[in-house]
1. Give the residues of segment B:11-67 that are exposed (fewer than 15 other Cβ atoms within 10 Å of the Cβ) and assigned to a strand (DSSP E or B), sorted by residue number.
2. Count, please, the residues in segment A:268-316 that happen to be free of Cβ contacts under 8 Å to residues at least 12 places away in the same chain and not in a helix (DSSP H, G or I).
3. Any idea which of A:A187, A:A237 is more than 10 Å from every other protein chain (Cβ to nearest Cβ) and open to solvent by 50 Å² or more (accessible area, probe 1.4 Å)?
4. Can you tell me how many residues within segment A:94-107 are away from chain B (no Cβ under 14 Å) and either open to solvent by less than 10 Å² (accessible area, probe 1.4 Å) or of a type in the set (A, V, I, L, M, F, W, C) (or both)?
5. Could you list all residues from segment A:194-226 that are of a type in the set (A, V, I, L, M, F, W, C) and open to solvent by 30 Å² or more (accessible area, probe 1.4 Å)?
6. Quick one: is A:E85 part of a helix (DSSP H, G or I) and surrounded by fewer than 23 Cβ atoms within 10 Å (Cβ to Cβ)?
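The values are calculated or read from the model by the stated rules, or taken from the named source; none is laboratory data. Just so it is clear, the model here is predicted, and its values are computed rather than measured. Note that we place each Cβ from the backbone using ideal geometry, even for glycine, and neighbour counts take in every protein chain shown. For the accessible areas, the whole protein counts, side chains as well, though only heavy atoms, and no ligand, DNA or RNA atoms are used. Shrake-Rupley method; radii C 1.70, N 1.55, O 1.52, S 1.80 Å.
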Amino acid sequence: MVIVGAGALGAGNAEALVRAGIGKLTIIDRDYVEWSNLQRQQLYSEADAIARLPKAIAAKRRLEQINSEVEIEAIVGDAGPEELEAIAAEQRPDVWIDATDNFDTRLVLNDVAYKYRIPWIYGACVGSYGLSCAFIPGRTPCLYCLLETVPQGGLTCDTAGIIGPAVQMVVSYQVAEALKMLVEDWAALRGKLVSFDLWTNEYAAVRIDAVKKEDCPTCGRHPSYPFLSYDQRTKAAVLCGRDSVQIRPPVQREYEIDELAEMFRRQGLQTEANPYLVAVSLGGGKRLVVFADGRALVHGTKDVHEAKTIYYRYLG
Amino acid sequence: MTLTINGETVTVPDEVKTVSDLLSYFQLTNKLAIVEVNVRIIEKHEYGTTALADGDRIEIVHFVGGG
Ligand SMILES: [Zn+2]
């Protein structure tokens, strides 16, 4: 089983599946634990936020305390086409659980899942609202088919925050479908896109089989998997709902974290480090966080140009 | 006109005649919303031409990205 993302949904799914005693769990995430996460990201503690542990690492540590018999693999990195295809080819997971926070990554996951014929389970929430749907190659249409039926342009960034019960509700839908798949009880699967609002007490469900498009580039007769054929991730991307930009170096690097931290300290910058990343305060509310693979998060700006300037000033 | 929307009985004004009208009435035009009328998903190009009738059963599910 692979969980893509280790935020609220990722943490909830991971704990439920590990307690259920699945054989192996891989969890991939690009972020680290912050104080604001603790309200709903159930695997993390104040100590993780103080240490700025990468979420994948903090999740692995906690999950191993919960059930030491489950093998946990933590990947600190961006879930792009290359990374997800490598996981698909090497591990052949039974199911992917979607715990990402954006549709770019979901469309990549959708392509990987259909190319390698592995089911994936969409989940998302904002405020008190959430929804979920299982996409199963050979049995259901895919996310692309579903999105094709609706007018585009509404994919804005959700900044409203999330209440914990909405997270748990989506997690419950996702885990239940995953368990049905693991025991191969295909007849029990819901076959619907389901949504709820725990504040307004609404519930809706839509049967998805009729939206299948024969010419779909992902699940149609002649698939081209457009979201894998070239890397659609920009080298710099504003993170959804956060005052932050992620920068990926053109070529992957391997930094020695200790040396990197020392370099920042010599410049008189307030610097903290753990084995996985360096966090530097730049003044003016800006912070730079650099991971060992050269990937960086620039906090305190939504301006890609400004973020790149900062990145190259210190790491160019 | 009285409709059943997501399981609830809802009365909408007479100006609401099509799926397009319904989405603007509920201010869902700018959301990624899937609309089902009497267990049939309506494609986006049919929103303006799909007429609604008293007693129709409608499900509306809108996508969000967070998690
Ligand atoms: Zn499709």
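1. Those that are exposed (fewer than 15 other Cβ atoms within 10 Å of the Cβ) and assigned to a strand (DSSP E or B): B:T11, B:R40, B:A51, B:R57.
2. Matching residues across segment A:268-316 total 5.
3. Matching residue, one of A:A187, A:A237: A:A187.
4. Total satisfying the criteria: 1.
5. A:L198, A:W199, A:A210
6. yes
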